[in-house]
Amino acid sequence: NNINNNINNNINNNMMIDFSSNDYLGLAHSESQLQKVNECYHKYTQTNPPPYPYLGSTGSRLLSGNSKLAIDIENYILNIHHPTFRHDTKKGALLFNSGYDANLSILSSIPINHDFIIMDELVHNSLIMGIKMSRMPLDQ
């Protein structure tokens, strides 16, 4: 494997440099890493993994697009918590790339004016920032 094989991407016979990717070392295209992921996938799901073109998101969903691997992980998590899930309902799981992002996203969008959250001064900054971004009035 060429560790930097993703730096120059050949798209429509044009060589391009990928600046939106977080795959600086080219590990997303590593065959040995793909084999390890496939072994873990099979171990935990007891099924053969689908063919993924690369490992990881190689960047945010906003920049790099969605991946089948992320959707499969979200569905796997959903089925753990809701094993009788029907795909015509609005239930779903969402994979965040960090706890910080999860705290900001959830706390900035779910609480509304009449909700309240009790916390002390020792909570993580991501909780405080998420609450400040929400529609809730702040009362300290």
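Scanning the range 94-116 for residues that are open to solvent by 100 Å² or more (accessible area, probe 1.4 Å) and within 22 Å of Ile77 (Cβ to Cβ) yields Leu94, Asn97, Ile110.
Considering each of Asp101, Asp72 in turn, give the residue that is modelled with pLDDT of 80 or more, under 30 Å from Met136 (Cα atoms) and of a type outside the set (A, V, I, L, M, F, W, C). Step by step, each of Asp101, Asp72 is checked, and only Asp101 is modelled with pLDDT of 80 or more, under 30 Å from Met136 (Cα atoms) and of a type outside the set (A, V, I, L, M, F, W, C).
The condition of being modelled with pLDDT of 85 or more and farther than 30 Å from Asn38 by Cα does not hold for Leu78.
Of the residues making up the range 3-52, those that are over 20 Å from Asn97 (Cα atoms), modelled with pLDDT under 75 and within 19 Å of the chain's Cα centre (by Cα) number 3. Can you go through Gly65, Gly59 and tell me which one is at pLDDT below 75, under 30 Å from His124 (Cα atoms) and surrounded by fewer than 14 Cβ atoms within 10 Å (Cβ to Cβ)? When all the criteria are applied, what remains is Gly65. For the range 117-140, a tally of residues being part of a loop (DSSP other than H, G, I, E, B) and either surrounded by 10 or more Cβ atoms within 10 Å (Cβ to Cβ) or within 25 Å of the chain's Cα centre (by Cα) (or both) returns 7.
The values are calculated or read from the model by the stated rules, or taken from the named source; none is laboratory data. Just so it is clear, the structure is predicted and the values come from calculations on it, not from any experiment. All Cβ positions, even for glycine, are placed from backbone atoms using ideal geometry, and neighbour counts span all protein chains on display. These area figures cover heavy atoms from the full protein model, side chains too; ligands, DNA and RNA do not enter into them. Shrake-Rupley method; radii C 1.70, N 1.55, O 1.52, S 1.80 Å.
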